[in-house]
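The values are calculated or read from the model by the stated rules, or taken from the named source; none is laboratory data. Nothing here was measured: the structure is a model prediction, and the numbers come from that model. Cβ placement follows ideal geometry from the backbone for every residue including glycine, while neighbour counts extend to all protein chains displayed. Quick note on the areas: whole protein, heavy atoms, side chains included, nothing else; ligands and nucleic acids left out. Shrake-Rupley method; radii C 1.70, N 1.55, O 1.52, S 1.80 Å.
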Amino acid sequence: MTFGLRTKLSLAYAALALLLVGIISLFVNYFFKIQFNDYVIAQQKQSSQNIVNLVEKQYDASNDAWNVSAIENIGMSALDQGIILKVKDLNGKDVWDATVHNNGLCMQMLSQMAQYTQKYNPTLKGGYVQTGYDLTNDFQKIGQADVGYYGPYFYTSNDVSFLNRVNTILVIVGIASLALAFLLGAIMSRRLSRPISKAIEAASEISRGNFKQRIKEQSTTREIKQLTATVNDLADSLEKQQQLRKTMAADVSHELRTPLASLQSSLEAIIDGIWEPSRERLESCHEEILRINRLVGDLEKLERAEAENTMLNMTELNLSELAQHIVHNFETDFFKKSVKLNFVCDSVAVKADRDKISQVIINLLSNALKYTQKGGRVELQVRDNGRSAKLIVSDTGNGISQDDIPNIFERLYRADKSRNRVTGGSGLGLTITKAIIEAHKGSISVSSELDKGTAFTVSLPKSRG
Ligand code: ADP
């Protein structure tokens, strides 16, 4: 059986509140009772002493006589408070005795007190307790007062109604806390479960192919924030990949159509006998096929570079060493074309994918070589720029027109289409380069002037430490 997060949280809150209220009530009850009983005992001692003091005052020393009717009043009001008073004179003769005066009332009083006390202290083993007090006048003993009650302590009706009030208050506080806990629990669980439900809704929309779906609900809970960010990122990358697939298919068909059409018409002309299948013509067809092949290869590389943005094999990398290595491999190509290659470097380390960064340097260097005429110069610089590492490839080549600069990083864009047929570029090199750099959280920029030269600047975040 499964329960919703909201039900579970609400129940958990309620159970916790119930437990806390229960524990607090038990503690309050236990400690309060101990304190209250101490108070009752102290109170009873005080009352007994007051009664004794009052009785002492009823002795007339000059006549050696007791004011019995006053003592009777004192005794009766003591009986009201649950105390049985017996007064004896110096000879042990009864002056006044509550049990003699009204034994029935005394018994009734005692059983009443026992009943009250037992009700709140069921484990108490109480019984009749009597304490004797010496009665004195001018430091002379004049008799004895025995004060009896249900002991070790007893509750009067006032005490009982006080305890009842306290219990009622405790019950009210308990119920109010429970209600509050329920309410807060419901609010809290709603606040927690709502964004999760939204995330589930969005995720199922995404799984149905609606990649535009995003979760807009904000949450202050860290885990929920991460969850919604992850779902949104997932939607982002799925949307991007869908877009990539679409443009890739469009680009491929667009780019292949022209060379395939020219190949088709050339071959058809040969088959129809319009053209001689001369070596030159066949070579031109072969050339076209090679170009298509290269294009397909580049498209594959671009697809990988863009799709694998998330799968970089990051290692600690000495950028200057890597650049030096690539420069070595390029030296003969530059020499053959009589273009001078200059290499300047600071020692700088980055955390990056070695193969991908190699490809960036190779792409930029081969472009520089491709678009620089004989006798020109190309320079590769590796610079430590504080927080980032900089790779600058500058040349004294053709340059790029200001109109073309914004487009050169776009897939399949070639500044000069006719020239590119000769140079053999497919217009994907810079697109791949940019995709790789962005996957490394870096950036690439270009500055160029027609017929003067071009400089590409790559900035990569440096590895820390
Ligand atoms: P390609 O394979 O055609 O070289 P790229 O994506 O590498 O494709 O470059 C796109 C276009 O940018 C090129 O066709 C070229 O016109 C221009 N370009 C790139 N690098 C340079 C450079 N160093 N000098 C002049 N033009 C360049």
Report task. Within 10 Å, count the other beta carbons around each residue, average over each peptide in 348-359, 427-438, 108-119, and list them highest first. Result -> 427-438, 348-359, 108-119
**Report entry** Ranked by how many other beta carbons lie within 10 Å on average, peptides 65-71, 218-224 from highest
**Finding:** 65-71, 218-224
**Report entry** Assigned charges on the beta-carbon of Lys, Arg, Asp, Glu; segment 17-94 dipole about Cα centre (debye)
**Finding:** 340 debye
Query raised in the report: Per the Debye formula with a single identical scatterer at each Cα and no solvent contribution, what log10 I(q)/I(0) holds for segment 22-167 at q = 0.09, 0.13, 0.21 Å⁻¹?
Result: -0.33, -0.62, -1.25
Query raised in the report: What would the Debye formula give as log10 I(q)/I(0) at q = 0.12 Å⁻¹ for the alpha-carbon point model of segment 142-210, no solvent?
Result: -0.66
Query raised in the report: Roughly how tilted is helix 68-80, in degrees to the nearest 10 and between 0 and 90, from the longest Cα axis of the chain?
Result: 30 degrees
Report summary line: With +1 on the Cβ of every Lys and Arg and -1 on the Cβ of every Asp and Glu, the dipole magnitude of the chain about its Cα centre, in debye rounded to the nearest 20, is 1040 debye
Query raised in the report: According to the Kirkwood expression over distinct Cα-Cα pairs, how big is the hydrodynamic radius of segment 186-278, in Å?
Result: 17.2 Å
Report summary line: Carbon/sulfur accessible area of the chain, % of total, 1.4 Å probe, equals 55 percent
Report summary line: Within the under-9-Å Cβ sphere about residue 383, not counting residue 383, Lys/Arg +1 and Asp/Glu -1 give a net charge of -1
Query raised in the report: Taking Cα pairs under 8 Å and at least six residues apart, what relative contact order does segment 314-461 come out at, in percent?
Result: 24 percent
Query raised in the report: Is the shape of segment 263-392 best called rounded, prolate or oblate, per the rule: a/c under 1.5 gives rounded, else a/b larger than b/c gives prolate, else oblate, with a ≥ b ≥ c the square roots of the Cα gyration tensor eigenvalues?
Result: oblate
Query raised in the report: Cα centroids of segment 1-19 and segment 329-392: how far apart, whole angstrom?
Result: 64 Å
Report summary line: Hits in segment 184-214: amide N under 19 Å from the 7 Å Cα→Cβ extension of residue 242, namely 199-214
Report summary line: About its Cα centre, segment 150-241 carries a charge dipole, from +1 on Lys and Arg Cβ atoms and -1 on Asp and Glu Cβ atoms, whose size in debye to the nearest 20 is 280 debye
Query raised in the report: To the nearest 10 degrees, how steeply does helix 98-120 sit against the main Cα axis of the chain, on a 0 to 90 scale?
Result: 10 degrees
**Report entry** Heavy-atom surface of segment 22-167, accessible at 1.4 Å and reported per residue (Å²)
**Finding:** 57 Å²
Query raised in the report: What does the helix-only formula give at 222 nm for the chain: each DSSP H stretch with n ≥ 4 adding -39500 (n - 2.57), the total divided by the residues, and the result rounded to the nearest 500 deg cm²/dmol?
Result: -21000 deg cm²/dmol
Requested in this report: Give the relative contact order (percent, whole number) for the chain; include only Cα pairs under 8 Å separated by 6+ residues.
Outcome: 10 percent
Query raised in the report: Let a ≥ b ≥ c be the square roots of the eigenvalues of the Cα gyration tensor of segment 320-379; is it rounded (a/c under 1.5), or, if not, prolate (a/b larger than b/c) or oblate?
Result: prolate
Report task. Return the inverse of the average 1/r over all pairs of distinct C-alpha atoms in segment 314-461, which is the Kirkwood hydrodynamic radius, in Å to one decimal. Result -> 15.4 Å
Query raised in the report: When the convex hull of the Cα atoms of segment 86-157 is projected onto a plane and the area is averaged over all directions, what value comes out in nm²?
Result: 5.7 nm²
Query raised in the report: For the charge dipole of the chain, defined by +1 on Lys and Arg C-beta atoms and -1 on Asp and Glu C-beta atoms about the Cα centroid, which residue among 187, 365, 392 has the Cα displaced farthest towards the positive pole?
Result: 365
Query raised in the report: Can you give the Rg to Rh ratio of the chain, both from alpha-carbon atoms, with Rh computed by the Kirkwood formula?
Result: 1.56
Report summary line: Out of 263, 348, 406 - ranked by how far each Cα lies towards the positive end of the dipole of the chain, with unit charges on the beta-carbon of charged residues - the top one is 263
